[in-house]
Amino acid sequence: MPFKKNFLWGGATAANQCEGGYSEGGRGPANVDMAPWGEDRQSVITGRMKMLEFDDHHFYPAKNAIDMYHHYKEDIRMFGEMGFKVYRMSIAWSRIFPKGDETEPNEEGLSFYENVFRECHRYGIEPLVTITHFDCPIHLIKEYGSWRNRKMIKFYERLCRTLFRRYKGMVRYWLTFNEINMIFHAPFMGAGLCFEEGEDEWKVKYQSAHHELVASALATKIAHEEDPENKVGCMLAAGNYYPYSCRPEDMWEAICCDRNNYFFIDVQSRGAYPAYALKKMEREGTMPHMEPGDAELLKNNTVDFVSFSYYTSRCASAKPELHENTRGNLIPTVKNPYLESTDWGWQIDPLGLRITLNALYDRYQKPLFVVENGLGAVDQPVEGPDGELTVEDDYRIDYLRKHIQAMRDAVTEDGVDLMGYTTWGPIDLVSAGTGEMRKRYGFIYVDRDDQGKGTLKRYRKKSFWWYKRVIESNGECLD
Ligand code: BG6
């Protein structure tokens with residue numbers, strides 16, 4: 001058998017991309033609600049265009065998303081039908097603390113997630129909870145400037161303590177920050193950061209990253225104190241860099257680009273700032289202010305496992321201006337001439353997943369968890385033999401099959417210790433990068449379009465049945 005007996009197969013979502021119910025149950029507004037659909041999205045998520053209130057000219061897809069807030073029972077039942085062992089989901093911070101700096105949590109928010117966890121356990125599904133998947137209450141941005149302010153550590157600590165206590169025995173797997181390295185690439189969406197004219201953006205980003213890293217170590221500490229059964233992971237938007245050529249300068253560039261991402265996980269997993277990062281921050285004048293006790297906290301509270309998203313590998317050149325560029329998960333890269341691309345320009349590279357798994361395992365020697373992987377594509381619903389709508393998504397099956405095969409090679413041939421695999425978007429949801437619905441990842445089709453129109457009815461795609469067989473056979477049967 002290629003994978004462990006208790007291998008965690010499942011799917012991953014984020015509150016802001018599926019829940020909706022943005023003003024229900026006492027929930028407060030958050031940065032992720034304010035990312036509009038359309039051409040301004042990019043400026044908003046990168047913090048260049050300030051959007052801290054809804055306006056009348058934009059459509060905000062996260063407000064209602066796929067309304068999982070009201071459909072969660074039906075959706076989790078379908079995950080159960082596929083045989084999920086794990087469901088990765090996130091908590092909307094502003095459901096628990098609507099403003100973020102209250103001392104008492106919002107009971108309605110807490111009981112909503114309690115019901116979600118109960119529903120998971122009904123089907124034998126283990127919840128894997130991302131404490132923050134990009135979200136930050138708007139009040140914390142307006143009042144404190146979000147993660148640039150050290151006070152955020154206290155607010156986050158309160159959130160974590162509340163969650164660990166309330167869900168003790170119901171949740172064992174936690175991730176502190178989704179794709180923590182996104183703070184560099186999409187600082188408003190990733191960490192609630194907006195920039196003022198003339199401000200040194202990189203200084204703010206590194207200071208904010210330091211606060212998140214300290215908060216993450218503190219969360220890990222509290223999780224272990226509250227319940228020794230808790231397992232805490234870090235989460236990286238991964239995908240190793242290849243040098244564009246064997247020119248030493250290209251190779252060096254690839255190493256530097258990889259380090260930009262490793263930087264976070266090096267701290268969370270090894271417990272200290274790596275030498276290359278200290279030198280870089282010193283050189284560039286971006287060294288964050290650190291308080292006494294920070295280094296010790298980081299050292300003593302490293303994560304139990306390393307999780308990551310993988311959609312594509314990346315490519316680096318010392319002369320990027322000479323090559324075509326392409327987008328990939330909010331991180332632009334030089335286009336690799338050997339790879340095909342999705343309709344959104346993300347390059348498809350299953351072997352890159354094996355390479356990434358090996359690189360991370362060599363570097364950290366901790367169990368790994370692939371918590372996001374999938375294909376965003378346009379689906380054409382057709383009528384199935386039973387009269388219900390379905391999608392013949394062989395392209396999605398093909399993508400996932402090849403990536404699972406690569407993962408299998410990393411485990412069986414290379415000896416990588418892998419805990420589980422959750423595909424991104426087991427049910428269609430709003431795209432983080434573009435705000436679109438038409439960029440679909442799911443095994444379950446949701447009738448909703450980019451303008452928010454549709455019945456919200458759910459339909460099983462062909463991949464639904466395929467993934468069910470994959471799980472049943474513990475990854476043995478990929479046909
Ligand atoms: C990851 C995020 O970056 O990629 C998800 O953690 C996101 O939130 C996923 O949805 C896919 O990206 P996109 O832009 O296609 O939604």
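Only the coordinates and a few stated rules stand behind these numbers; no lab work does. Owing to the predicted nature of the structure, the values given are computational and were not obtained by experimental measurement. No Cβ is skipped: glycine too gets one built from the backbone with ideal geometry, and neighbour counts run over all protein chains shown.
Brief remarks on what is shown
- Rounded to 0.05, the FRET efficiency of the R118 and S473 pair, given R0 = 25 Å and the Cβ-Cβ distance, is 0.30.
- Over the chain, DSSP H runs of length four or greater, each weighted -39,500 (n - 2.57), average out per residue to a 222 nm ellipticity of -11500 deg cm²/dmol.
- Dipole magnitude for the chain: computed about the Cα centre from +1 point charges on Lys and Arg Cβ and -1 point charges on Asp and Glu Cβ, it is near 920 debye.
- For K4, the lysines whose Cα falls under 30 Å of its own Cα, not counting residues fewer than eight places away in the same chain, are K73, K85, K168, K221, K231, K366, K402, K461, K462, K468.
- Radius, Kirkwood style, for the chain when every pair of distinct Cα atoms is counted (Å): 22.5 Å
- Each residue of the range 227-234 was assigned a 3J(HN,Hα) from its phi angle through the Karplus curve 6.51 cos²θ - 1.76 cosθ + 1.60 (θ = phi - 60°); the sequence is 7, x, 6, 5, 10, 10, x, 9 Hz, with glycine and proline shown as x.
- Listed by chain and number, the lysines placed with their C-alpha closer than 27 angstrom to that of K142 are K50, K63, K99, K151, K154, K203, K205; residues fewer than eight positions away on the same chain are left out.
- Ordered by the count of other Cβ atoms within 10 Å of each Cβ, fewest first, E324, E102, E212 give E324, E102, E212.
- Electrostatic tally near Y262: other residues with Cβ closer than 14 Å to its Cβ, Lys and Arg +1, Asp and Glu -1, net +2.
- Under the combined filter of DSSP loop state and at most 13 neighbouring Cβ atoms within 10 Å, the range 213-250 retains these GluC sites (Glu not before Pro): E229.
- For the range 160-197, applying the loop criterion from DSSP together with a ceiling of 14 other beta carbons within 10 Å to the trypsin sites (Lys or Arg not before Pro) yields K168.
- Annotation for E107 and L322: the two label points, set 7 Å from Cα along the Cα-Cβ direction, are 6.7 nm apart.
- The mean of 1/r over all distinct Cα pairs in the range 158-312, once inverted, gives the Kirkwood hydrodynamic radius of 16.7 Å.
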